[in-house]
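Step one of this worksheet: look at the structure below.
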Amino acid sequence: MRYVKLPAENFSTFFETLKQLGKIYGPVKHNSTYTFIQVDNVKELSLDYTRTILPPKKFFVKPRDELFKLKREKWEEVKDGESFVLFGVHSCDIHGLKILDKVYLRDPPDPYYKSRRENAFIVGISCMPDEYCFCKSLGTDFAMDGFDLFLHKLPDGWLVRVGSVKGHEVVWENQELFEEVTEEDLRHFKEFEEKRAKAFKRSLNKEGLADILDLAFNSQVWKKYAEKCLGCGNCTLVCPTCRCYEVCDNWIRAYEVVRERRYDSCFMPTHGLVAGGHNFRPTRLDRFRHRYYCKSYFDPSAGFNCVGCGRCDEFCPAKIEHVRVLEEVREELL
Ligand code: SF4
Ligand code: SF4
C-alpha cells in the first residue's frame, strides 16, 4: 500500500479535485444527527462525525429503488450509471459494504448494486469511538481494503493510504497536492491509533458465541427483551449489513406502474409469511431472536453480519443494547 501526506492547506483543493469524479456525498450535521448528502463546499462537511442514521449502504441499496416503469404497455428499465464520490466513510461502514458485496455480488450479481459499486469512489476517514461503538472487538475498526483513499488525521494534515488503482490515479494526477510521509507523521499516526484503541468503552465477547447461541435458543433473555421491543424495525433499517428488501408494483394511474424494491425488515410480521398463509416467525419473540442469530451466527462459515457500528443501539426507541442482550444470553447459560 502506498502512503502519502496531504498537508492541511491542500485539503480544500483536493476536495475540489474529486468533483471530476462525480457528485460528492459526505457527512453533514442536522441538529444532533448526521447524514450523507451531496456536498458542494468542503465547509459543509462534518468530518468529526460519530455515525450517520442511514449508513453509506443507501447509495448502493436504496431505501426505495425504482427498477422498472410500465408506460403504454411496455416495461422500461430504470438505470442510474453516474459516477460519484463517498467522502468520509468510517472503517466499520467500509466493512459493512464488504459484507453486502458477499451477498449482492455473488453469482449472479445484482446489476444495480454492481454498477453502483463500480461507479463509486470511496474516501475513508479516521474516527474516534463514542459510547456505542464496539467495532474493535469485531476487527472492523481498521479497513485494509474496500476504499480508494483513506485519510488519517495528523496535527498538520492527513496521512493518506492509497487502496486502489483509482486511488493511485487520483494521487498521480494531483501530485502537487501531496508530500512524502515523514517519520514524524508516522509517529503521529501511531499515537492516534493507540489513543483510539484505548477509547473504546464497549466490546463484544465473541468467544464461543456460535455454541452459546446454539444452546440458548430457548433462553428467557430473548423473551424478556422481545417484550420490551416495540417491533419498529429501526435497528434493521439503520444497519449497514441488513439487506432484505421487498419488490412491489405501485400504480401511478390506470396504465402507469412503477416497480420498485424497498427496504424490508425481519421485524415486520409479514416478513416470514409465505404462500398458503404459513408464517415462519409469527411472534415478536421469533422475530427478535432471529435478528441476533442473523447478526452473530446464522451462517458461522460466513462470519459475523455485524460490524459494531452502534447504530441499532443509538436509534432503538426501547434502548435495547445489542452487546448487553448477547452478554445476558451468555450469562444465563454459564
Ligand atoms: S447489528 Fe447494530 S452494531 Fe451491528 S452492524 Fe448492525 S446496526 Fe451496527
Ligand atoms: S429498534 Fe429496538 S424497539 Fe425497534 S425493533 Fe429494533 S430492538 Fe425492537
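The order of K195, K5, K223 by accessible area, most exposed first and with a 1.4 Å probe, is K195, K223, K5.
What a 1.4 Å probe finds exposed on the chain is 52% carbon and sulfur by accessible area, rounded to a whole percent.
Skip the ligands, DNA and RNA, and give the accessible area per residue of the chain with a 1.4 Å probe, whole Å².
Details: 17000 Å² over 334 residues.
Using a 1.4 Å probe on heavy atoms only, each residue of the chain averages 51 Å².
Per the Debye formula on identical point scatterers at the alpha carbon atoms of the chain, with no solvent, log10 I(q)/I(0) at q = 0.07, 0.08, 0.13, 0.15 Å⁻¹ is -0.33, -0.43, -1.07, -1.32. Taken one residue at a time, the phi angles of the stretch 30-43 give Karplus couplings (6.51, -1.76, 1.60, θ = phi - 60°) of 10, 6, 9, 10, 10, 8, 7, 9, 5, 10, 9, 10, 4, 5 Hz. Gly and Pro are set to x. Note on the chain: GNM, Cα springs under 10 Å; of G96, G272, G146, the largest mean-square fluctuation is that of G272. Sorting H90, H95 on solvent-accessible area from highest to lowest, probe radius 1.4 Å, gives H95, H90.
Hey, any idea what Rg/Rh is for the stretch 209-332, computing Rh the Kirkwood way over Cα pairs? Kindly include the intermediate steps, with their values, before the conclusion.
Values: Rg = 16.3 Å, Rh = 15.9 Å.
Radius of gyration relative to Kirkwood radius: 1.03.
Assuming charge only on the beta carbon of Lys and Arg (+1) and of Asp and Glu (-1), the dipole of the chain about its Cα centre is about 1260 debye to the nearest 20.
Can you tell me the alpha carbon radius of gyration of the stretch 1-155 divided by the globular rule-of-thumb value 2.2 N^0.38 Å? Kindly include the intermediate steps, with their values, before the conclusion.
Working: Rg = 16.9 Å, N = 155, 2.2 N^0.38 = 15.0 Å.
It is 1.13.
The values are calculated or read from the model by the stated rules, or taken from the named source; none is laboratory data. Small disclaimer: the values here were computed from a predicted structure and weren't measured. All Cβ positions, glycine included, derive from the backbone under ideal geometry; neighbour counts span all protein chains shown. Accessible surface areas use protein heavy atoms only, side chains included; no ligands, DNA or RNA. Shrake-Rupley method; radii C 1.70, N 1.55, O 1.52, S 1.80 Å.
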